[in-house]
1. Quick one: is residue 282 at pLDDT 95 or above and buried (at least 22 other Cβ atoms within 10 Å of the Cβ)?
2. Taking the stretch 101-122 on its own, how many of its residues are closer than 20 Å to residue 317 by Cβ and in contact with a helix residue (DSSP H, G or I) (Cβ under 6 Å, 6 or more places away or on another chain)?
3. Select the helices (runs of 4 or more DSSP H) contained entirely in the stretch 16-134, then report the ones holding at least 2 residues which are at pLDDT below 95, over 29 Å from residue 298 (Cβ atoms) and out of contact with any Leu (no Cβ under 8 Å at 6 or more places or on another chain).
4. Identify, from the list 324, 308, 317, the residue that is under 30 Å from residue 65 (Cβ atoms), surrounded by fewer than 15 Cβ atoms within 10 Å (Cβ to Cβ) and in the same structural domain as residue 129 (by TED's automatic domain parsing).
5. Confirm whether residue 286 is within 25 Å of residue 101 (Cβ to Cβ) and not assigned by TED's automatic domain parsing to the domain that holds residue 88.
6. Name the residue, out of 101, 146, 158, 119, that is under 22 Å from residue 198 (Cα atoms) and among the β-branched types (Val, Ile, Thr).
Amino acid sequence: MSTKKTSLKDIAQKAGVSTALVSYVLNGKEKESRVGQEIARKIKQIATELHYQPNHLAKSLRSGKTHTIGLIIADISNPFFANIARVVEDEAKRNGYTVIIGSSDENADKSRDLLNVLINRQVDGFIIVSSENSEEQILDLKEKNIPFVLLDRYFPDIQTDFVSTDHYKASYEATTHLIENGYQRVGMIAYDSQMFHMQERIRGYQDALEAGSQHVQKSWLKVVRIDTIETGVRTAIDELLKADYPVDALLFATYSLAINGLKYINTLQLNVPSELAIVSFGQAEVFELYHCPITYLKQPIVLLGQTAIELLVKKLANNVTEPAQILMKAELVERASSKTKKEGST
């Protein structure tokens, strides 16, 4: 059985045309070479019959492009990042690009290794959900003139292209929603992180609390280390509930924090929302399946992914120099976990 790959010459011989003409048609340039529609259709049909596979390596060597994009996300196990990876992959394919995906697991060293591997594979550009302490990596990409777009997380002190949710406004809206529904002692559990998006979520919470609550305690904000998330969340909830002014509502800064928090709230047999109202960042089916459906901040996943690809493709095609910096609005999806507090309830 022959394993010989079909060549342009094989197609040309069967079609009775030149190899150059076959090349024009299969590269989508039939209009430029004024090939008749009937001949073009015949060439494509023969190519299909002979199971022709284009030599992408040779094409890449000629063009200097691999038509691949490196996507580095923070945590593939998080539904938000998994869904956004799917959007990026689909949108890239629509634009003629293949995506190679890597997860940094919120680790700057792993992020650096992924970048180096993908640079060596000669990807045309990157879409990056940055991890903490990865600023030098971003500066290095800029210095090497490697095209990239930051997605969801960005560094305000570094001039780059980015597409992100407006984390400040989202957090402000969520906290205000709880206060307007009668919850005056609103706590927040966030990550112990200097990443700008996390600091913006904290800032939005604090500003909304100062603007709308009659009682404000700095101790209502708890930060948890990502490497001790389960024990950290349990300790934070215990402290918030046993304080002199115990919280009556909680805003979780991420999906992962919320999942760990809800598990512990179940073990404590707390009634949501009569004993503790809940709002969380990040959308996931589990929020709808919880015995009391959870109010959450829905980030515009499809638009974020599509816009990131759009910006990167423009950079790759036109070598755009002015950075595009886009913030998008999150939608507060109200469910039973934050319904209006009844008069006289504690």
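1. It is false that residue 282 is at pLDDT 95 or above and buried (at least 22 other Cβ atoms within 10 Å of the Cβ).
2. The total comes to 0.
3. It comes to 19-26, 37-49, 56-63, 108-120.
4. Every option except 317 fails the conditions.
5. Answer is yes for this residue.
6. Details: 101 fails: under 22 Å from residue 198 (Cα atoms); 146 fails: under 22 Å from residue 198 (Cα atoms); 119 fails: under 22 Å from residue 198 (Cα atoms).
The unique qualifying residue is 158.
The values are calculated or read from the model by the stated rules, or taken from the named source; none is laboratory data. Every value quoted in this text rests on a predicted model; they were computed, and no experiment measured them. All Cβ positions, glycine included, derive from the backbone under ideal geometry; neighbour counts span all protein chains shown.
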